[in-house]
Amino acid sequence: MENFNFHLPTKILFGKNKVNELGQEIKQYGSRVLLAYGGGSVKKTGLYDQVVEQLRNNDLFFVELSGIQPNPRITSVREGIRLCREHNLDFVLPIGGGSVIDAAKAIAAGVNYEGDAWDFPMQKAKVTNPLPLGTVLTLAATGSEMNGNAVITNEETQEKRGMGSDLLRPVFSVLDPTYTFTVNRYHTAAGTVDIMSHIFENYFAPGEGTFLQDSIAESILKTCIKYGPVALEEPENYEARANLLWAGSLALNGLTLTGKSMGDWATHGIEHEVSAIYDLTHGAGLAIIHPVWMRYVLDEKTAPKFAQMARNVWNINEADDMTAAEKGIEAVRNFFNSLDMPASLSDVDIPGDHFEEMAKKACIFGKIGSFKRLDVDDVVEILKRAL
Ligand code: NZQ
Ligand code: ZN
């Protein structure tokens, strides 16, 4: 296990009616709020009204930014920055899923930065002096509620890129599982895949002696395998929604990466290029690509780790590592299929004509992946096998 520093500043307010603490929390950081949300799910569920009541009861001035789309666009980010500057806002409050939270992070980062906010994903600028933000999460998936990352799409250049800074970790996040009851079947499944995929990205990565972190990772995978199907069949099952919600936060808050120098993240890099062009739901893209990536990187060197997952997570009792690994990867694919997620790019009507372009963009900063290094040709081959 390698040395590490681990600092998790996000306060989690977990459980029913925790939104009632919202006003008191915000007041510790600011008094003029940008309230950001998506296409309207928060209005249908009643969360919007509860949040507005909290803001009013606590004398918090607020301005709204609505209509943030899934795969959030840089145009929404620019608009949010403009609103913050115009109204002199000092706190950002996204209520919604990962897309709304990610846009809010980029807004928070951009308000006190003189250049264009797209500079952050393009690695032309570092986040130095962001506004504080707190979140109310409504979808178990990205872990954005507890990490410092954001993924933004530039619709003009058809690029989707990540940005990150510990300074962008939310100061608090409200996680009330009842707000996730209304997430539909498709997004519940996609969210479950995303959580599992985050685990895979840090689990299938170089590093020795991380038994504890691997065991936590395996438990999070088992949680998704146990409760993902329950949430699909019984959307208002509190136990299932609560376990998935907390799994999502723990899967990508840095915990499972401790003691390792880096995760792999090639699959996410490839998926982001697909959804940048085709606006595919992130988790659906991962359901297609992650099993293909696993098969592609499987060799004598990587087989033992895949076999470990097969035995500890899927109860596959094969003595031979390669056989266990192959069966474990098959189990992942079958599980994603059982959630009605797509299994190939053809399933979601994505043709092969942009593969070269996607691969080049995925490798824009050089080779990707750490479990196995991948170049442009490798990425093209993975996309072909995903067709
Ligand atoms: O826009 P609204 O009306 O709110 O509807 C949303 C949206 O249509 C809906 N939804 C959310 N909560 C709901 C609900 N519908 C009913 N009831 C609720 N309680 O669900 C749809 C999808 O929402 P979105 O926020 O896009 O989903 P998700 O949380 O999966 O976020 C996906 C985005 O996050 C990025 C992805 O690439 C994608 O852009 N990621 C962010 C990461 C991070 N910040 O760490 C890491 C991830 O790997 C990922 O890349
Ligand atoms: Zn993801």
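Conditions tested, residue by residue: (1) β-branched (Val, Ile, Thr); (2) crowded, with 22+ Cβ neighbours inside 10 Å.
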position: 300; (1), (2): no, no
position: 307; (1), (2): no, yes
position: 325; (1), (2): no, yes
position: 332; (1), (2): yes, yes
position: 346; (1), (2): no, no
position: 352; (1), (2): no, no
position: 381; (1), (2): no, no
Among residues of the range 136-159 being of a type in the set (D, E, K, R) and not in a loop (DSSP other than H, G, I, E, B), the residue farthest from ligand 2 (Cβ to nearest atom) is 159
Any residue in the range 60-73 that's within 15 Å of residue 48 (Cα to Cα) and modelled with pLDDT of 95 or more: show its pairings with residues that are near ligand 1 (Cβ under 8 Å from one of its atoms) and not small (Gly, Ala, Ser) at Cβ separation under 8 Å, as long as the two are six or more apart or on different chains. 64/37; 65/37; 66/37; 68/37; 68/100
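Please verify whether the range 98-108 includes one or more residues that are free of Cβ contacts under 8 Å to residues at least 12 places away in the same chain and either out of contact with any Gly (no Cβ under 7 Å at 6 or more places or on another chain) or of a type in the set (A, V, I, L, M, F, W, C) (or both).
So the first thing to find is which residues in the range 98-108 are free of Cβ contacts under 8 Å to residues at least 12 places away in the same chain, and the list is none.
No, because not a single residue in the range 98-108 is free of Cβ contacts under 8 Å to residues at least 12 places away in the same chain and either out of contact with any Gly (no Cβ under 7 Å at 6 or more places or on another chain) or of a type in the set (A, V, I, L, M, F, W, C) (or both).
What about residue 16, is it part of a loop (DSSP other than H, G, I, E, B), among the basic types (Lys, Arg) and not assigned by TED's automatic domain parsing to the domain that holds residue 205?
On the way: part of a loop (DSSP other than H, G, I, E, B): yes; among the basic types (Lys, Arg): yes; not assigned by TED's automatic domain parsing to the domain that holds residue 205: yes.
It is true that residue 16 is part of a loop (DSSP other than H, G, I, E, B), among the basic types (Lys, Arg) and not assigned by TED's automatic domain parsing to the domain that holds residue 205.
Which count do you get for residues in the range 256-267 that are surrounded by fewer than 24 Cβ atoms within 10 Å (Cβ to Cβ) and either of a type outside the set (D, E, K, R) or within 12 Å of ligand 2 (Cβ to nearest atom) (or both)? Quick ask: steps written out before the conclusion?
The first filter runs over the range 256-267 and keeps only residues surrounded by fewer than 24 Cβ atoms within 10 Å (Cβ to Cβ), leaving 257-265.
Cutting the leftovers down to either of a type outside the set (D, E, K, R) or within 12 Å of ligand 2 (Cβ to nearest atom) (or both) gives us 257-259, 261-263, 265.
The total comes to 7.
Kindly indicate whether any position in the range 112-124 is part of a loop (DSSP other than H, G, I, E, B), more than 10 Å from ligand 1 (Cβ to nearest atom) and buried (at least 24 other Cβ atoms within 10 Å of the Cβ). Reasoning before the result, please.
Within the range 112-124, the first condition is being part of a loop (DSSP other than H, G, I, E, B), and the residues that meet it are 112-116, 120-124.
With the extra rule that they be more than 10 Å from ligand 1 (Cβ to nearest atom), the set shrinks to 112-116, 120-124.
Still in the list and also buried (at least 24 other Cβ atoms within 10 Å of the Cβ): 120.
Within the range 112-124, one or more residues are part of a loop (DSSP other than H, G, I, E, B), more than 10 Å from ligand 1 (Cβ to nearest atom) and buried (at least 24 other Cβ atoms within 10 Å of the Cβ).
Would you mention how many residues in the range 354-377 are touching a helix residue (DSSP H, G or I) at 6+ places or on another chain (Cβ under 7 Å) and of a type in the set (Asp, Glu)? Step through it out loud before you land on a result.
We begin by selecting, within the range 354-377, every residue touching a helix residue (DSSP H, G or I) at 6+ places or on another chain (Cβ under 7 Å); these are 354-356, 358-363, 368-369, 371-372, 374, 376.
Filter once more, so that each one left must be of a type in the set (Asp, Glu): 356.
Residues flagged as touching a helix residue (DSSP H, G or I) at 6+ places or on another chain (Cβ under 7 Å) and of a type in the set (Asp, Glu) within the range 354-377 amount to 1.
Hey, can you tell me all the residues within the range 111-131 that are of a type outside the set (Phe, Trp, Tyr) and either out of contact with any helix residue (DSSP H, G or I) (no Cβ under 7 Å at 6 or more places or on another chain) or within 16 Å of ligand 2 (Cβ to nearest atom) (or both)?
So in the range 111-131, the residues of a type outside the set (Phe, Trp, Tyr) come out as 111-112, 114-117, 119, 121-131.
The answer is 112, 114, 115, 116, 119, 121, 122, 123, 124, 126, 128, 129.
Scan the helices (runs of 4 or more DSSP H) fully inside the range 39-106 and keep the ones with 1 or more residues being away from ligand 2 (no atom under 16 Å from the Cβ) and closer than 28 Å to residue 236 by Cβ.
Details: elements: 41-45, 47-57, 74-86.
In the range 39-106, 41-45, 47-57 are the helices (runs of 4 or more DSSP H) which contain 1 or more residues that are away from ligand 2 (no atom under 16 Å from the Cβ) and closer than 28 Å to residue 236 by Cβ.
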So, in the range 270-297, of the ones that are more than 12 Å from ligand 2 (Cβ to nearest atom) and of a type in the set (Ser, Thr, Tyr), which residue ends up surrounded by the most Cβ atoms within 10 Å (Cβ to Cβ)? 296
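Residue by residue, here is whether (1) under 23 Å from residue 24 (Cβ atoms); (2) more than 9 Å from ligand 1 (Cβ to nearest atom) holds:
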residue	(1), (2)
138	yes, no
142	no, no
165	no, yes
174	yes, yes
179	yes, no
184	no, no
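Looking at the range 125-136 only, could you name the residues that are within 16 Å of ligand 1 (Cβ to nearest atom) and surrounded by fewer than 24 Cβ atoms within 10 Å (Cβ to Cβ)?
Let us first name the residues in the range 125-136 that are within 16 Å of ligand 1 (Cβ to nearest atom), namely 127, 130, 133-136.
Across the range 125-136, the qualifying residues are 127, 130.
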Report yes if some residue within the range 290-297 is without any contact (Cβ under 8 Å) to a residue 40 or more places away in the chain, closer than 22 Å to residue 209 by Cα, in the same structural domain as residue 326 (by TED's automatic domain parsing) and more than 15 Å from the chain's Cα centre (by Cα); otherwise report no. no
Any residue in the range 358-369 that is more than 16 Å from ligand 2 (Cβ to nearest atom), among the aromatic types (Phe, Trp, Tyr) and loosely packed, with under 14 Cβ neighbours inside 10 Å? yes
Go through 166, 194 for me and flag whichever is of a type in the set (Asp, Glu) and either in contact with a strand residue (DSSP E or B) (Cβ under 8 Å, 6 or more places away or on another chain) or under 16 Å from residue 336 (Cα atoms) (or both). 194
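Rundown of residues vs (1) modelled with pLDDT of 95 or more; (2) within 23 Å of residue 12 (Cα to Cα), yes/no style:
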residue: 128; (1), (2): yes, no
residue: 135; (1), (2): yes, yes
residue: 147; (1), (2): yes, yes
residue: 151; (1), (2): yes, yes
residue: 157; (1), (2): no, no
residue: 168; (1), (2): yes, yes
Subset of the range 328-362 (residues that are without any contact (Cβ under 8 Å) to a residue 60 or more places away in the chain, assigned to a loop (DSSP other than H, G, I, E, B) and farther than 25 Å from residue 218 by Cβ): 342, 344, 349, 351, 352, 353
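The values are calculated or read from the model by the stated rules, or taken from the named source; none is laboratory data. Note that the coordinates shown come from a computational prediction; the quantities given were computed from them, not determined experimentally. Don't worry about glycine lacking a Cβ; one is built from the backbone with ideal geometry, like all the others, and counts go over all protein chains shown.
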